[in-house]
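Single-structure report; data block below.
The values are calculated or read from the model by the stated rules, or taken from the named source; none is laboratory data. On a predicted model such as this, the values are computed, not experimentally measured, just so you know. A quick note on method: Cβ atoms are made from the backbone with ideal geometry, for glycine too, and the neighbour counts reach across all protein chains shown. Remember, those area values only see protein heavy atoms, side chains included, never the ligands or the DNA or RNA. Shrake-Rupley method; radii C 1.70, N 1.55, O 1.52, S 1.80 Å.
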Amino acid sequence: MAQVHGDRELLAALEASEEKYRDLFENSIEGIFKSTLDGVLVAANPQLARYFGYETPEELIAGEGRDTTAVFADPATRGELIRRLRAEGKVEQFEFESHGRGGAPVRWFSMNARAVRNALGEVAGIQGTLLEITERKRVLEELKTREAYLRAIMDTSPDRIWMKDLDGVYLDLNSRLLETMGLGSLDDVRGKTDFDLYPEPEARRIRAKDEEVVRTGGRLFHEETFDAEGRKHFTEKFKSPIRDATGRIIGTCGFSRDVTERRGSEELIRKLSRAVEQSPSTIMITDTMGVIEYVNPRFTALTGYTLEEAIGKNPRLLNAGRLPKDVYEGLWKTITAGKEWSGELLNRKKNGEPFWENATIAPVRDENGTVTHFVAIKEDITKRKQAEEELARRAEDLFQAKSRAEQQAIRLGVQAFELRKAREEALKASKLKSEFVANMSHEIRTPWRDSCSTPPSAMNSGNTPKSSAPRAKPSWGS
């Protein structure tokens, strides 16, 4: 009786174990299978049937799903599975890509299986489990892609980038930082701390900054300076906490950059800016369409237009309209051809007052040689032009005075000539008169002397009758 009772208990235990196994088999979240070595499916659970689009295991085994060789998207993958089962007797987490039923999307599975051997010890079949890992593979591929993007960004960045855990142990860093530190690969620094890489005072200072980031949970920015190669270098450093999906801080990351050249450029820009702002010349910058983008304070002082009033306007707002149109057309043609133009312009202030400027306008080019802007540097020459006009007026007055003097001199010369000629003629006439009077006097005196020297008897000789009338006396009047 005791034997019978014991057999019943053993049978009950076996039935309970079989029931438990059947429950696990039927309700497992993994697909369970058994097949021959050549791929004929002989056993499957409901999950395996669902994986491949069948309602029941029986339908799977009776249908196309019976041939497990068709499950593998790449036949070479199944060949690798058989090779490993024969050599090792089992496989764990063997991943493969599988075709879906009826054109369903390709899915990924992870297999844990062992070889089933016959009485001769030969591999006669396979039994194991399948777990679909399509989503996990997708996430892993996405993570790999993101990691590749992150790695590409890190390694192409000119900045020095690093990541550490909470203990200050380096997890990753980019090639730029490796190069700066004189290291060959990540293996030279992974697992190390700053105390392994830097002098202790420097390592303590770095560690203190990391701990501050972890303690505050915020970002940290600071600047550092150091001397190298006989010159001062400037470095900017940024640090930030690394958080997991729950927001818990699990480490720190940061980057540093050498800003020495930028500092030099910024200082040069500041100098140029001050020079422009304080320049005694008017400076205007426009885009390539001639729209004003900047004017300096001297422009405002001279024209009356503020920076806000000038920005967005065209320089023609200063045009006084007194110069030929050809001047402006030639100016625009010159600068748009990439050349420099110089000349004088008559402009008008905001209050309408005209003024003269000596202008030089030149194109501004970028690093590729493309013209991006035009800059005009102009000098107020109104006083000079006024002085030139005054000098020109005085020169004209002097010229007119000289002309009048020359004309007067000519007239005086003519008059002097005429006077000399008249004098000469008067002298000549006077001489002729004197000669005439002398001759006349001689002629008159000669007969008189003759008559006075003749005797009275001679005067009465001949047949001239004697007159009884008295003789008249000669008249000496002229």
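Just to verify a number: FRET efficiency for His373 and Leu150, C-beta to C-beta distance, R0 = 35 Å, to 0.05? It would help to have the intermediate numbers written out before the result.
Working: r = 38 Å, r/R0 = 1.10.
Once rounded, the FRET efficiency stands at 0.35.
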Find how much the distance from Arg190 to Thr134 grows on full extension, using 0.36 nm per residue of separation minus their present alpha carbon separation; answer in nm with one decimal.
16.9 nm
Ignoring ligands, DNA and RNA, what percent of the accessible area of region 115-224 is carbon or sulfur (1.4 Å)?
54 percent
Thr36 to Ala119: FRET efficiency via 1/(1 + (r/R0)^6), r the Cβ-Cβ distance, R0 22 Å, to the nearest 0.05?
0.90
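Using the heavy atoms of the protein chains and a 1.4 angstrom probe, tell me the accessible area per residue for region 287-345 in square angstrom. Don't skip to the answer; put the middle values down first.
Values: 3460 Å² over 59 residues.
For region 287-345, the per-residue accessible area is 59 Å².
Between Gln400 and Asn314, take the C-beta separation as r, use R0 = 25 Å, and let me know the FRET efficiency to the nearest 0.05. It would help to have the intermediate numbers written out before the result.
Working: r = 44 Å, r/R0 = 1.76.
Working from the Cβ atoms, E equals 0.05.
Okay, helix-only estimate at 222 nm for the chain: each DSSP H run of n ≥ 4 adds -39500 (n - 2.57), divide by all residues, round to 500 deg cm²/dmol; what do you get? Each step should come with its number before you reach the end.
Working: 14 runs with 220 residues, N = 478.
The per-residue figure over the chain is -15000 deg cm²/dmol.
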Residue span Lys271 to Glu95: 0.36 nm per residue of separation minus Cα-Cα distance leaves a gain in nm of 56.8 nm
Just grab the label-to-label distance for Glu293 and Glu58, each label 7 Å out from Cα along the Cβ direction, in nm (one decimal).
8.2 nm
With all protein chains modelled, accessible area of Lys433 [1.4 Å, Å²]
140 Å²
Which whole-number percent gives the relative contact order of the chain, counting Cα pairs below 8 Å spaced six or more residues apart?
6 percent
If packing is taken as the mean number of other Cβ atoms within 10 Å per residue, what is the order of 313-323, 239-249, 297-307, highest first?
297-307, 313-323, 239-249
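Considering only DSSP states other than H, G, I, E and B, which GluC sites (Glu not before Pro) in region 223-258 qualify as loop sites with at most 16 other Cβ atoms within 10 Å?
Working: sites: Glu223, Glu224, Glu229, Glu236; in loops: Glu229.
Answer in residue order: Glu229.
Quote to one decimal, in nm, the extra length available between Ala337 and Asp167 on full extension: 0.36 nm per residue of separation minus the C-alpha distance between them. Intermediate values should be presented prior to the final figure.
On the way: separation 170, 0.36 × 170 = 61.20 nm, distance 6.33 nm.
Result: 54.9 nm gained on full extension.
Please sort 346-353, 415-422 by packing, taking for each peptide the average over its residues of neighbouring beta carbons within 10 angstrom, highest first. If you can, show how the numbers build up before the last one.
Details: 346-353: 14.1, 415-422: 10.0.
Highest to lowest by the protection proxy: 346-353, 415-422.
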